[in-house]
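What follows is a short report on a single structure.
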Amino acid sequence: MTVCWGYTINKTGSSYFVKMNRDDTLFASTYSIISDSTQSYTDLVHRVGFQNPDTAREIVFLGCSVTFGVGLDDSASLAYKTGITTKLNTYNLGVEGYGTHQAYQLFLNKYAGVSNVNRVFVYSFIYDHILRANGIHIWSLSGPFFKVNDDSLVYAGPVHMNVEKHDRKYILYLSGLGTFGFLRQMLSNIATRSRINKLKHEDFDRCFLMIKTMAGIIEKTGGQFVLIDWGDSHWNDHLINDELIAAFKKKLEALTNLRIIQVSAVMDLNDARHFIPDDGHPSALANEKLAAELSSIKLWPSE
């Protein structure tokens, strides 16, 4: 059975991105996308990381735009900064818009069938990843959907075939066929909040099992797994029911083969310096602090 990834980066090269807010430049950065530079079980082009030819050990970074490093030059991403700090090879496999389901499928396709003795996997996790895996956002309907069967996951086709239909025409009509942009956005936000309010424990269990499965495979194949928990105070995370988040966190913390770094213990998340102004993605300073934290822990037990 062919499993739908949703989307991947498919073009190599260097691109210059500028994000504006009217006349103000929020950021201007260069993204270098290269051919797959890690093992070739499944080819996947990705953003450049740090390379050290004197070691076989490597750190693989999974996640979304937070991992990719939107708004930052290549050398300011978490993967690159961690490579500089640790002197280890780093691979930035973050893709903008990814949820837990896409990071999970990427991992299965590329790393589940190989030895990971020389690998540490770092997943930068935000709770909006759960929303994406459940098709909450109108833009997050790509990628695989998994149903929970006892304590395992069963692929059920693409996300858009398994979730509540997004009524785009209704929103477009009520906003004057898109004429009133502010109204269209407001109606879209209301619809999104309504879908978030319908989430249940089993929707969170779906994503927990993805992380648990990755942790089990990584342990079995000789690797290490680190999850960077950004907490629930940014992006759309604050809209999620506190009880659902608390239950999810409790299950994560019970996993003995998963090491969790709480970002709130590394930096002040209320300090504006840790985020790109008027954009919200982590800043170079935030990545620098997380890279220092990663370099301070014992990534390989034999060391």
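Just so you know, all these numbers are worked out from the coordinates, no wet-lab data involved. Values in this document were obtained by computation on a predicted structure and should not be read as measured data. Ideal geometry is used to build each Cβ from the backbone, glycine not excepted, and the neighbour counts take in all protein chains shown.
Annotation: lysines with alpha-carbon distance below 17 angstrom to residue 165 (same-chain offsets under eight excluded): 198. Running Debye on the range 46-296 with equal point scatterers at the Cα sites and no solvent, what base-10 log of I(q)/I(0) appears at q = 0.08, 0.11, 0.12, 0.14 Å⁻¹? Listed by q, the Debye log ratios stand at -0.32, -0.61, -0.72, -0.97. Label positions at residue 57 and residue 257, each projected 7 Å from the Cα along the C-beta direction, are separated by 2.1 nm. Only one residue of 135, 83, 103 has its Cα farthest out toward the positive end of the dipole of the range 75-154, where Lys and Arg carry +1 and Asp and Glu -1 on Cβ, and that residue is 83. Put simply, when 92-104, 205-217 are sorted by average Cβ atoms within 10 angstrom per residue, most first, you get 92-104, 205-217. The alpha-carbon of residue 250 sits under 15 angstrom from the alpha-carbons of these aspartates and glutamates, leaving out residues fewer than 8 places away in its chain: 202, 205, 229, 232, 242.
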